[in-house]
Amino acid sequence: MLLHLLNRSPASSRLIQDVLRAMGPEDRLLLIESGVYGAVPPQSAGFETLKGRCYALQEDLTSRGLAERQADWIIPVDMAGFVALTAETQRTVSWY
Amino acid sequence: MASEQGKLRYALVVLGGPYSQAATHSALRFGEALIAQGHRLETVFFYHDGVYNASRLAAPPQDEPHLVDAWVRLANDQGTELLVCVAAALRRGLLDEREAQRHGKPAFSVEPPFVLAGIGQLVEAGITHDRLVTFAP
């Protein structure tokens, strides 16, 4: 099981298509930095197939004025949660 | 293998330059968080524009975080190895004393605890650490 990190907004990059294609059925996705724009509707629709395994970094949501605006099925995590995700998965893949 | 039950040895790769991309901030915050959880941050490898993190001449305004000093503190407090890709560094004017002499330059811009290293050491870090996390521009 892999953890994928995405730091690009879906509004500025089509990388999300590559990420979704590359992800295995158990893999998890964490949106960080400008990637958290993808956590907010309507952009979040692009990740709906990942319900239950799609996360967004809370402090990056907050620093962009997006706290509490993420889709209700996207799981917010703090930095400690980010570390925990890397510990729970075997490897981390960064997309940029 | 983890050294203690559940405690992991981490290596981070920083590809983004300080003060221009979020990568350095993210890597530092992540590093602090993993240490707080009892894991070990053993190695940070600076590559591409990430090598600018190693400039001993960085002089940011006093009311802004001093990112270079933050790495140095990590090295001093945690024994974290700070490896700087030598090929990426030389291209960008980041030379330690030895390289500056070798290339006939009037000054050097990299000093310990930052150490110029080959790409082989990044490969080795990927093999010898439990986790390797890349922070990209």
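A short reminder: the numbers here are calculations on the coordinates, not readings from a lab. Because the structure is a prediction, the values reported are computed rather than measured. As a convention, Cβ positions derive from the backbone with ideal geometry for all residues, glycine included, and neighbour counts pool all protein chains shown.
Could you list A:W95, A:W73, B:W71 in order of exposure, starting from the residue whose Cβ has the fewest other Cβ atoms within 10 Å? Don't skip to the answer; put the middle values down first.
On the way: A:W95 18, A:W73 13, B:W71 24.
Fewest-to-most Cβ neighbours within 10 Å comes out as A:W73, A:W95, B:W71.
Given only helices, namely DSSP H runs of n ≥ 4 each adding -39500 (n - 2.57), what is the per-residue ellipticity at 222 nm of chain A, to the nearest 500 deg cm²/dmol? Before the final figure, lay out each step's value.
Values: 3 runs with 24 residues, N = 96.
About -6500 deg cm²/dmol.
Average partner chain C-beta neighbours within 10 Å, per residue of B:21-27?
Values: counts 3, 6, 5, 0, 4, 9, 0.
If you average over the peptide's residues, the count of other-chain Cβ atoms is 4.
For region B:1-74, with the dipole built from +1 on Lys and Arg beta-carbon atoms and -1 on Asp and Glu ones, taken about the Cα centre, which of B:T43, B:G31, B:P18 lies farthest toward the positive end?
Going by the Cα projections, it comes out as B:T43.
Using a simple charge model, +1 on the beta-carbon of Lys and Arg, -1 on the beta-carbon of Asp and Glu, nothing else, what dipole does chain B show about its Cα centre, in debye to the nearest 20? Display every interim value, and only then the final one.
Numbers: 12 positive and 15 negative charges, 55 e Å.
That gives chain B a dipole magnitude of about 260 debye.
Under 15 Å from a label point 7 Å along Cα→Cβ of B:Q78: give me every residue in region A:47-82 with its amide N that close.
Correct set: A:79-82.
About the Cα centre of region A:2-95, how large is the charge dipole given +1 on each Lys and Arg Cβ and -1 on each Asp and Glu Cβ? Please answer in debye to the nearest 20.
On the way: 9 positive and 11 negative charges, 57 e Å.
Result for region A:2-95 is approximately 280 debye, rounded to the nearest 20.
Below 8 Å, C-alpha to C-alpha, sequence gap of six or more: please give me the relative contact order for chain A in percent. Mind showing how you got there, number by number?
Values: 162 pairs, mean separation 35.8, N = 96.
About 37 percent, as a whole number.
Normalising by the residue count of region B:2-41, find the relative contact order in percent from Cα pairs under 8 Å and 6+ residues apart.
Details: 32 pairs, mean separation 17.2, N = 40.
43 percent.
Using alpha carbon centroids, what distance separates region A:1-69 and region A:79-96, in Å?
Value for the Cα centre distance between the two parts: 13 Å.
Ranked by Cβ crowding within 10 angstrom, fewest neighbours first, how are B:Y52, B:Y47 ordered?
Details: B:Y52 25, B:Y47 21.
Ordered by Cβ neighbours within 10 Å, fewest first: B:Y47, B:Y52.
Can you say what percent of the DSSP beta bridges in chain A, counting only those with both residues inside, are antiparallel? Round to 5. Provide the component values of the computation, followed by the final result.
Details: 0 of 15 bridges.
In chain A, approximately 0 percent of DSSP beta bridges are antiparallel ones.
Return the percentage of antiparallel bridges among DSSP beta bridges fully within chain B, rounded to the nearest 5 %. Intermediate results must be reported in sequence, preceding the final value.
Working: 1 of 20 bridges.
In chain B, approximately 5 percent of DSSP beta bridges are antiparallel ones.
Using a Förster radius of 25 Å, what is the FRET efficiency between B:A59 and B:R91 based on their Cβ-Cβ separation? Nearest 0.05, please. Mind dumping the intermediate values first?
Numbers: r = 22 Å, r/R0 = 0.88.
Taking R0 as 25 Å, the efficiency between B:A59 and B:R91 is 0.70.
Compute the distance in nm between two label points, each set 7 Å from the Cα along the Cα-to-Cβ direction, one at A:S63 and one at A:A11.
1.8 nm
Of A:P76, A:T49, A:L15, whose Cα points farthest to the positive end of the dipole of region A:5-96 (charges on the beta-carbon: +1 Lys, Arg; -1 Asp, Glu; origin at the Cα centre)?
Farthest towards the positive end: A:L15.
Can you give the relative contact order of region B:9-135 as a percent, counting alpha carbon pairs under 8 Å and 6+ residues apart?
Values: 214 pairs, mean separation 42.3, N = 127.
It rounds to 33 percent for region B:9-135.
First measure r as the distance between the Cβ atoms of B:V115 and B:S20, then evaluate 1/(1 + (r/R0)^6) with R0 = 35 Å and state the FRET efficiency to the nearest 0.05.
On the way: r = 23 Å, r/R0 = 0.67.
Calculated value: 0.90.
Rounded, prolate or oblate: pick one for region B:9-135, where a ≥ b ≥ c are the square roots of the eigenvalues of its C-alpha gyration tensor, a/c under 1.5 means rounded, and failing that, prolate if a/b is larger than b/c, else oblate.
Since a/c reaches 1.5 but b/c is at least a/b, the shape of region B:9-135 is classed as oblate.
Apply 1/(1 + (r/R0)^6) to the Cβ-Cβ distance of B:D69 and A:D72, taking R0 = 45 Å, and write down the FRET efficiency to the nearest 0.05. Walk me through the intermediate numbers first.
On the way: r = 41 Å, r/R0 = 0.90.
E(calc), rounded to 0.05, equals 0.65.
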